[in-house]
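**Student:** Could you have a look at this structure, given as structure tokens, before my questions?
The values are calculated or read from the model by the stated rules, or taken from the named source; none is laboratory data. Just so we're clear, the structure is a prediction, and the values are computed from it rather than from any experiment. Quick reminder, even Gly has a Cβ in these numbers, built from the backbone with ideal geometry, and neighbours come from all protein chains shown. Heavy atoms of the whole protein, side chains included, go into the accessibility calculation; ligands, DNA and RNA do not. Shrake-Rupley method; radii C 1.70, N 1.55, O 1.52, S 1.80 Å.
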Amino acid sequence: MNGSAEALLGQSKKIREFEVTVDEVVRETAETVSRLFRHGPEIPAYRPGQFLTINPHQFPCIAGFTAYLEQVKGKKELPRAYSMCSSPHEARLAITVKEEPFVAGSTLYPPLLSPVLTRACPPGSKLSVVGFTGPYVLPVDVTERSDEIVHICAGSGIVPNFSIIKYCLSELPELRHTLVYSNKTWDDIIFRDQLEVLAAAHPDRLSIVHALTRDEAAERRGPNVVRGRITSDLLRSLIPDVTRTEVFTCGPGLSKWDKVAAAARGEKPSPRFLEAALACLAEIGVPEHRIHHESYG
Ligand SMILES: Cc1cc2nc3c(=O)[nH]c(=O)nc-3n(C[C@H](O)[C@H](O)[C@H](O)COP(=O)(O)OP(=O)(O)OC[C@H]3O[C@@H](n4cnc5c(N)ncnc54)[C@H](O)[C@@H]3O)c2cc1C
């Protein structure tokens with residue numbers, strides 16, 4: 001581990017509000033957009049895997065909608081969390097946002113902030129953000145604990161892991177990574193080309209398996225593409241030593257609204273991606289202290 005990596009992994013927490021300016025907007029998939037920011041020199045340092053928060057009250061274009069939702073819900077709309085897709089060694093801070101859908105008859109309220117962050121905020125827009133925080137980070141002694149990291153992600157759950165992978169490939173040469181990434185179709189894969197470029201540049205340090213749940217042509221997409229969900233058999237084949245591998249898993253999990261709705265029906269909530277991934281890891285015997293997880297529910 002080099003000196004700057006050591007300093008960054010061990011740094012103390014300093015969270016504060018600061019302003020960023022949208023520098024570039026990149027459409028990643030039909031549902032997701034990255035925003036790359038310019039900022040002043042005095043922003044806090046962040047660790048790969050951490051997030052910032054954005055308060056919806058700062059956007060005049062949704063002020064009426066925000067007030068209406070607060071009236072209907074009977075509570076204040078809180079800031080939303082967004083993981084950095086950028087790595088601290090890169091020049092620009094960046095986030096990637098997936099637009100939440102409103103499904104009539106299924107979703108209780110229309111989403112508030114993600115449509116703004118995916119469809120509005122062109123280059124030049126100024127945003128107030130609060131950062132940085134979050135425990136989904138590499139352990140300070142990661143290179144002593146392991147030389148193998150397995151990332152298990154679904155959908156926008158790739159965002160913090162993309163930051164961690166980029167950081168490690170640049171700053172922590174001791175570590176090898178396997179990414180198992182679940183999406184519905186080939187076109188839903190966020191950072192698909194960037195991931196391929198990283199894997200080609202680091203063939204001994206990054207391997208990627210895509211698991212596609214609704215892609216008729218999955219098997220024809222390439223040798224590293226499997227059809228279906230991530231299973232315990234797949235994870236068993238990718239984690240050679242469960243006692244030495246550090247696992248980072250992130251994706252949609254049960255939200256408190258899912259739990260409340262299931263309880264009202266007198267049912268147990270059906271597991272979402274994160275609960276399913278954790279169950280697979282328990283089944284194949286990965287010790288809990290080796291598992292880091294973050295839910296976007
Ligand atoms: C640590 C963390 C990191 C995250 N990082 C990212 C990221 O990198 N990229 C990303 O795209 N997302 C990320 N998220 C998710 C993000 O914070 C938002 O939750 C997401 O963008 C949706 O926000 P929204 O305002 O559009 O939707 P919301 O208005 O929050 O609505 C979302 C859903 O919740 C339901 N809901 C809201 N309020 C209620 C209520 N009172 N009762 C019942 N149901 C309700 C709505 O009906 C809707 O289905 C992250 C979340 C966490 C916790």
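**Student:** Can you give me the C-alpha center-to-center distance between the stretch 171-220 and the stretch 23-48, rounded to a whole angstrom?
**Tutor:** That distance is 21 Å.
**Student:** Under 24 Å between alpha carbons, and skipping anything fewer than 8 positions from residue 76 in its own chain: which lysines qualify?
**Tutor:** Candidates past the 8-residue exclusion: 98, 126, 256, 259.
**Student:** Work through the residues other than residue 33 whose Cβ is under 9 Å from its Cβ and net out their charges, Lys, Arg +1 and Asp, Glu -1. Numbers along the way, then the final one.
**Tutor:** On the way: positive: 27, 35, 98, 119; negative: 28, 31, 99.
Net charge around residue 33: +1.
**Student:** Measure off, as a whole percent, the carbon and sulfur share of the 1.4 Å-probe accessible area of the stretch 18-130, all protein chains present.
**Tutor:** That share works out to 57 percent.
**Student:** Hey, can you find the accessible area per residue of the chain for me, probe 1.4 Å, expressed in square angstrom?
**Tutor:** In whole numbers, the chain has 49 Å² accessible per residue.
**Student:** Could I ask something else about it? At 1.4 Å probe size, with no ligands or nucleic acids counted, give the accessible surface of residue 141 in Å², nearest ten.
**Tutor:** It works out to around 60 Å².
**Student:** Can you give me the relative contact order of the chain as a percent, contacts being Cα pairs under 8 Å and 6 or more apart? Mind dumping the intermediate values first?
**Tutor:** Values: 560 pairs, mean separation 54.0, N = 297.
For the chain, the relative contact order is 18 percent.
**Student:** Can you check what the Kirkwood hydrodynamic radius comes to for the stretch 40-154, Cα pairs only, in Å to one decimal?
**Tutor:** This gives a value of 16.7 Å.
**Student:** Would you please put 105-111, 170-176 in order of how densely packed they are, using the mean number of other Cβ atoms within 10 angstrom per residue and starting with the highest? Walk me through the numbers on the way to the answer.
**Tutor:** Details: 105-111: 10.4, 170-176: 17.1.
The densest-packed peptide leads the list: 170-176, 105-111.
**Student:** At q = 0.12 Å⁻¹, what log₁₀ I(q)/I(0) does the chain have when each alpha carbon counts as one equal point scatterer in the Debye sum?
**Tutor:** These q points yield log10 I(q)/I(0) values of -0.83.
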